[in-house]
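In what follows, a structure is listed as C-alpha cells, so that the remarks can point back to it.
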Amino acid sequence: MEEKLSTKEDLKLVEKLSEARDSILKQIKKVIVGQEKIIEEVLIALFSKGHCLIVGVPGLAKTLLIESISKILDLEFKRIQFTPDLMPSDITGTEVIEQDAITGKRSFRFIKGPIFANIVLADEINRAPPKTQSALLQSMQEYKVTVGGQNYQIPLPFFVLATQNPIEYEGTYPLPEAQLDRFFFNILIDYPSKKEEIEIVKTTTGNYEANLSKVLNSKEILKLQEIVRKVPASDYVINYAVDFVAATRPNDGNAPDFVKEMVNWGAGPRASQSLIIGAKARAILNGRLAASIEDVKSIAYPVLRHRIVLSFKAEADGVTSDIIIKKLLEVVKPK
C-alpha cells in the first residue's frame with residue numbers, strides 16, 4: 001500500500017526540497033552556463049534513487065557538472081575513467097595479504113575501490129569490456145560489492161552517472177539492452193547556444209574561481225529520497241504512464257502504426273515505474289504535493305530514449321528514439 005505525505009515533518013521536508021532546488025541551481029550557475037534542463041533531470045534522478053547515462057560529445061562540462069553537484073550536496077565524489085584494460089577489481093577494490101609485524105600471522109585485508117563513494121562518474125563506460133561493466137552495474141542494483149565471498153556495503157546515498165561519447169564507437173563495448181534498462185534516465189547533452197558559449201569562454205579564460213556553498217547533506221538527501229516515494233500519484237496519472245509505455249511496444253494492440261513499423265522492441269515495466277517515481281520527484285522539486293500528467297510528459301524523453309529498440313528501417317531512415325517519443329506525446333492522450 002502506498003504511503004502518503006501526512007505528517008507536518010513530511011510537508012516541511014517537501015518545502016525544504018523545493019527551497020533546496022533553487023539554492024542548488026543558484027550554486028551550479030556559478031560554474032555551469034545554461035543546461036537548466038540537464039541539471040533538473042540529474043536532480044530528479046538523484047532524489048528518485050536512480051542512476052543516469054549521460055550522452056554528449058567531449059568538452060560539454062559533464063564532469064564539472066557532476067563534481068559541482070557533489071560539492072553542493074556535501075557528497076563524496078569519485079571519477080573512474082573506463083578503458084579496455086580496466087579490470088573489475090579496479091572498480092570494486094581488491095584483497096591484499098598483510099603480515100602482522102609481531103605475530104607473523106598473515107591475513108587478507110580488503111582495499112576499497114573508487115566505487116565506494118556517494119557519487120561515481122563512470123567516464124566512457126562503453127570503453128571497458130562487459131565483465132568490468134557488470135561489476136559496476138551490480139553495485140548500482142544491490143548497493144554492495146562482493147569480494148572473496150564477503151559483502152561490503154556501499155555508502156548511501158549512492159548515485160552513478162555513466163557517460164558515453166556518441167562520436168566514437170570503434171573499439172567500444174555497447175551496453176546490452178538489459179543493462180541499459182537499469183539506468184533510470186538517459187540524458188542527452190547538446191552543444192551550447194552562441195550566447196552561452198560566449199559566456200563560457202569569458203568565465204573559463206580568466207582567473208574567476210567559484211566558491212560553492214553546501215546546500216544539503218547525505219542524511220537529508222536520504223530522508224528526501226524516502227519522501228519522494230510518499231508523494232501521491234492518482235490512478236489517472238498512473239494509467240497515463242502505463243498506456244504511454246505500452247504504446248512503445250509494437251505487439252501491443254493499441255500501439256500506433258508508426259510504432260509497429262519503426263520499433264522492434266518497446267519499453268518494459270521498469271519504464272512505467274521510472275515515469276511515476278520521476279514525476280513524483282519533479283513535483284516536489286517544483287513545490288507541488290502530487291504528481292501530474294505534465295510531470296510524466298516532461299521526463300518521457302530521458303526515461304524512454306534508451307528503452308526503445310528501433311527497427312533497421314527506422315535507423316536507415318534516420319529515425320531516432322526521440323522522434324518516436326515526440327510522436328507518442330502527440331497521439332497518446334490521458335483516459
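No value in this document is a laboratory result; all are computed from the given coordinates. These numbers were taken from a predicted model, which means no experiment stands behind them. No Cβ is skipped: glycine too gets one built from the backbone with ideal geometry, and neighbour counts run over all protein chains shown.
For the reader, a short list of remarks on this structure follows.
- DSSP beta bridges confined to the chain are antiparallel in about 45 percent of cases.
- Theoretical FRET efficiency, 1/(1+(r/R0)^6), r = Cβ-Cβ of Phe258 and Ile102, R0 56 Å, to 0.05: 0.15
- Using the average count of surrounding beta-carbon atoms within 10 Å as a protection proxy, the listed peptides 210-220, 125-135 rank, highest first, as 125-135, 210-220.
- Relative contact order (%) - segment 32-204, alpha-carbon pairs under 8 angstrom, separation at least six: 34 percent
- Ordering 292-305, 240-253, 25-38 by mean Cβ neighbour count within 10 Å, with the highest value first, yields 292-305, 240-253, 25-38.
- Residue exposure sequence - Glu41, Glu76 - by fewest surrounding Cβ within 10 Å: Glu76, Glu41
- Once the Kirkwood radius over Cα pairs is known for segment 110-179, the Stokes-Einstein relation at 20 °C and 1.002 mPa s delivers a diffusion coefficient of 164 µm²/s.
- Pairwise centroid distance, computed over Cα atoms, of segment 90-141 with segment 32-73, Å: 25 Å
- Residues Ser234, Ser274, sorted so that the one with the fewest Cβ neighbours within 10 Å comes first: Ser234, Ser274
- Annotation: lysines with alpha-carbon distance below 18 angstrom to Lys335 (same-chain offsets under eight excluded): Lys297, Lys327.
- Other residues within the sphere of radius under 10 Å centred on the Cβ of Ile38, judged by their own Cβ, net out at -2 (K and R +1, D and E -1).
- Under the membrane-span-like helix rule (DSSP H runs whose alpha carbons stretch at least 20 Å along the helix axis, mean Kyte-Doolittle hydropathy -1.0 or higher), the chain yields 8-28, 269-285.
- Tail fraction, Cα-Cα pairs, segment 31-151, threshold 26 Å, whole percent: 31 percent
- Value of relative contact order over the chain, rounded to a whole percent, pairs C-alpha under 8 Å and six or more apart: 23 percent
- Considering only Cα atoms, the convex hull volume of segment 160-271 works out to 237 Å³ per residue.
- Reach of Lys30 by Cα under 24 Å, taken over lysines that are not fewer than 8 positions away in the same chain: Lys16, Lys62, Lys71, Lys78, Lys194, Lys195, Lys202, Lys214
- The mean of 1/r over all distinct Cα pairs in the chain, once inverted, gives the Kirkwood hydrodynamic radius of 21.5 Å.
- Only lysines eight or more places from Lys12 in sequence, or on another chain, were considered; those with a Cα closer than 17 Å are Lys4, Lys219, Lys223, Lys230, Lys280.
- Residue-averaged [θ]222 nm for the chain, counting only DSSP H segments that reach four residues, each worth -39500 (n - 2.57): -13500 deg cm²/dmol
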